[in-house]
Amino acid sequence: MAQALPGSSQVVVIGGGAVGCSVAYHLAHRGWTDVLLLERDQLTSGTTWHAAGLVGQLRATPNMTRLAQYGTELYRQLEEETGQPTGFLQRGSIMLATTEGRWDEIRRAHSTAKCFGLETELLDTDAILERWPLVNTEDVYGGIWLPKDGQINPADLTQALARGARNLGVTVREHTPVRGIRVRDGRVAGVETDAGTIDAEYVVNCAGMWGRQVGKLAGVDIPLHAAEHFYVVTENLPEPPGSLPVLRDPDHAIYIKEDAGKFLVGMFEPVAKPWGMGGIPDDSSFTQLPEDWDHLAPQLEAAVERVPAIGEAGIQLFFNGPESFTPDDRYLLGETPELPGFFVACGFNSVGVQSAGGAGRVLADWIVHGHPPMDLGDVDIRRMLPFQTNSNYLHDRTVEGLGLLYGMHWPYRQYDTARNVRRSPLHERLAALGAGFGEAAGWERPDFFGEPGTTPEYDYSFRRPGWFEHHAAEHRAAREDLVVFDQSAFAKFLVQGPDAEQALQGICSNNVNVAPGRAVYTLLLNERGGIESDVTITRLDDERFLVVSPATAQRRDYQWLRTHLPRDQRVVVTDVTSAETVLGLMGPRSRDFLQSLTGADLSDEACPFGHWVELELGYVRARALRMTYVGELGWELYLPTEQAVSAFDTLMARDDAPKPAGFHALHSLRTESAYRHWGHDITDEDNPLAAGLGFAVAKDKDFIGRAAVDAVREQPRSKRLVSLRLEDPEPLLYHDEPVLLGNEIIGRTTSGRYGHSVGAAVALAWIEHPDGHAIDKGFVEQDGFRVEVAGEPVNARLSLRPFYDPERKRVK
Ligand SMILES: Cc1cc2nc3c(=O)[nH]c(=O)nc-3n(C[C@H](O)[C@H](O)[C@H](O)COP(=O)(O)OP(=O)(O)OC[C@H]3O[C@@H](n4cnc5c(N)ncnc54)[C@H](O)[C@@H]3O)c2cc1C
């Protein structure tokens, strides 16, 4: 007879796959043993049982790579700890390049890996053949060797994690589906099962591809969609090839794993087959979907071509099982914004086995300590917006998302599917002017402009793409003349009420007690002094403040304001993103142009930097805020959404109309001018003083994070965010290129762009003094700095101030 369930548990984990078991295991290791894991059927009966078991390490960002590295360390010792074999083998992996673009990508990845402390080696074809004698290298440019990559038996890994958790006191119950989520006073309060209700302080949704449905039980959006996912296994090879590393051939969307004298060939086909459109069946366990040889014919042919022994052996098993994918191919982790206490770890995009260790660890830390232990912005569920749970959107994006995991990771690569979800009212006008659109948080934003009347091609390259000269012209026009940016995608929040000023003072690092008509750049800090967001706050009147933040931070910042503005004060926050359209009119001619168009006095006396005035643009009344993110004189025009087209037409009808400019120009301008970008240059683990943002931290008032900043104020700043410029005008920078002093890596770039005004690639970079001393002007201005770009060292200059207009004279 089944044992009775406890009536309460501090934590309930829903789902007994690799991820749920890892969360329970790590909670137990942190001393939280009042944990109940509920599995609908048997452990591993979801997606985990049939995973191919590849455990890779190199991810797109330092923290994600750190987590993958931790996973490997954990998996190596798990058998010893629990007595449960896991089949873990560390045979390494090789990734091949068969195109010039891929070879560029791999060489850049080789350099990036050094920033993350990950061992890699570039291989020529002879070296590839030495490690993988059966591979056809005819069309191969080269490859990258990752010696620490491994493979594991996913079901055994899950059992080992479950055993490790049980050994420390966690209760695991199979055949116990969660049917409902209880909510009390706006917080999660427990779960409902057929065997009764369980009260809980925390509930963790690790339900894999069922995660979206489990989210719905709690009224929480979990944007993921399942897709069919395939591999084949050959018959026994006539001659066992011996233990080989995993081989990835991403240009042909395949990977090959040697397994007990057979080959397993997995696919990431470019056009995937979404599955489970009507919801994932409740009784779907150890699911195997029908074979589809036609669908995979190109990948199977490529596999035989790459390793002819596969063709000779023949296929023994065609496997098709469902896995869940998210709209941006990154998993969903953390406390959900809708329901405090309800956490999520699902949507693992075909890397859930390798990610389970790291994700379980940081989620357990997050639950135990009440905040993420490091910057997890890449996977934090707060990056997702409600529209992304729309099933049509998810379905269409999944068709593309699966294949992109092996697609080219081009700089600025855009999705082709599920586009045009959010458009500014000026969209058609901008399209007619030749906009090449990119997507951010669902918004279509011009990234650059081709010729008016054309639809420019958004081509991709690690070198100079086709739109490079258009971008250069827009950048120069902003420096020398006048441009207009459509910045409507800004997230906007109205904070209002008699106590609005007092409430904001308590959460803003800068002093927002300014007169109506002023705007203030401020940080929102956490208790640890880390930067949760950087925003501009405009005081509209005594009781109303407009908080403006980046498009991608809309959910996160709204949530931060909602939870941190004191409940006992008379203040409310409303998301008003859709209410206003924003045009950035930037460049040295902006004042003359706006004055002659509107008749308004925009002199330094009438409208100094950081002030706004109301003006008339044709029939429209606009708020013109003197502010900039590009390092030039300029005004942001806030327009009622429904009047934006009218105002835009008035601007553009003039003979001296501004040149339209896109986000590539905006970012190259801001990087040259050293304006930080949240999520790239600064995150919730960065201290504002080290980030060069001390000017936005008031010393004469109290606010969240102040004590933590004060605690390090007098310490030598041995780590700092600095400006960087290459000496050679040719190479391009993106991000995560290692910065060297002599031969020692002392940091990495965070955002890199081409600085058309300084004539070379520029970047912001975090660097650390090799001896732990303070980084000062003398240190950064010495010779001997280099940046490694695609394996080649390039001389660089560093500076504590921007390379363009270091005194910021042009702005003020
Ligand atoms: C063909 C294929 C190959 C793959 N290869 C690899 C690989 O090589 N490397 C890699 O890292 N990843 C790989 N993956 C991906 C990997 O399998 C998944 O990312 C991973 O297993 C996800 O684990 P999970 O714990 O999130 O989900 P699951 O294993 O699906 O676990 C979720 C669990 O939740 C349970 N559940 C659902 N609803 C409820 C409820 N209401 N109450 C209680 N329990 C519930 C389910 O029964 C299930 O057991 C592959 C996937 C496929 C399909």
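Here, each number is a calculation from the coordinates, and none is a lab measurement. Keep in mind that this is a model prediction, so the values were computed, not measured. Glycine also receives a Cβ, built like all others from the backbone with ideal geometry; neighbour counts cover every protein chain displayed.
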Share, in percent, of DSSP beta bridges within the chain that are antiparallel, nearest 5: 85 percent
Per residue convex hull volume, Cα atoms of the chain, in Å³: 164 Å³
Region 74-222: C-alpha pair distances exceeding 26 Å, %: 55 percent
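Counting pairs of alpha carbon atoms under 8 Å apart in space and at least six apart in sequence, what relative contact order in percent does the chain give? Spell out each step's value before the answer.
Working: 1936 pairs, mean separation 93.0, N = 812.
In percent, rounded to a whole number, it is 11.
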Backbone N under 18 Å from the E121 label point (7 Å along Cα→Cβ), restricted to region 766-801: 791
Percent RCO, i.e. relative contact order, over region 250-322, from Cα pairs under 8 Å lying at least 6 residues apart: 33 percent
FRET E, pair D592, K216, Förster distance 60 Å, beta-carbon r, rounded to 0.05: 0.60
Projected label distance in nm at E301 and Q288, using a 7 Å step from Cα toward the beta-carbon: 2.8 nm
For region 802-808, 3J(HN,Hα) per residue [Karplus equation, 6.51 cos²θ - 1.76 cosθ + 1.60, θ = phi - 60°, Hz, x = Gly/Pro]: x, 6, 9, 6, x, 8, 6
Under 5 Å, built H, 5+ apart or other chain: amide partners of R91: Q151
Region 489-557: equivalent-ellipsoid semi-axes (sqrt of 5 x gyration tensor eigenvalues, Cα, Å): 18, 15, 10
Antiparallel DSSP beta bridges within region 376-511, as percent of all bridges there, nearest 5: 75 percent
Least to most buried among D249, D601 (fewest other Cβ within 10 Å first): D601, D249
Residue exposure sequence - E39, E258 - by fewest surrounding Cβ within 10 Å: E258, E39
Computed [θ] at 222 nm, helices only, for the chain once each DSSP H run of length n ≥ 4 contributes -39500 (n - 2.57): -7500 deg cm²/dmol
Cα-projected label distance for N136 with F387, points at 7 Å along beta-carbon direction, nm: 4.6 nm
In range of the label at A707: residues from region 476-507 whose backbone nitrogen is under 18 Å from the point 7 Å along Cα→Cβ: 506-507
Cα-derived Rg to Rh of region 144-290, Kirkwood definition: 1.05
Helix runs (DSSP H) in the chain reaching 27 Å along axis by Cα, Kyte-Doolittle at least -1.0: none
Amide proton proximity set for I746, modelled H, under 5 Å, gap of 5+: V739, L740, L741
Full-stretch length increase - T455, Q715 - with 0.36 nm per residue and alpha-carbon distance subtracted: 88.2 nm
Amide H partners (placed H, <5 Å) of D447, local residues excluded: G436, F437, G438, F663
E235/E527 FRET efficiency (R0 45 Å; Cβ-Cβ; nearest 0.05): 0.15
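Sort I181, I704 by Cβ crowding within 10 Å, fewest neighbours at the top.
Working: I181 24, I704 19.
Least to most surrounded, the residues fall as I704, I181.
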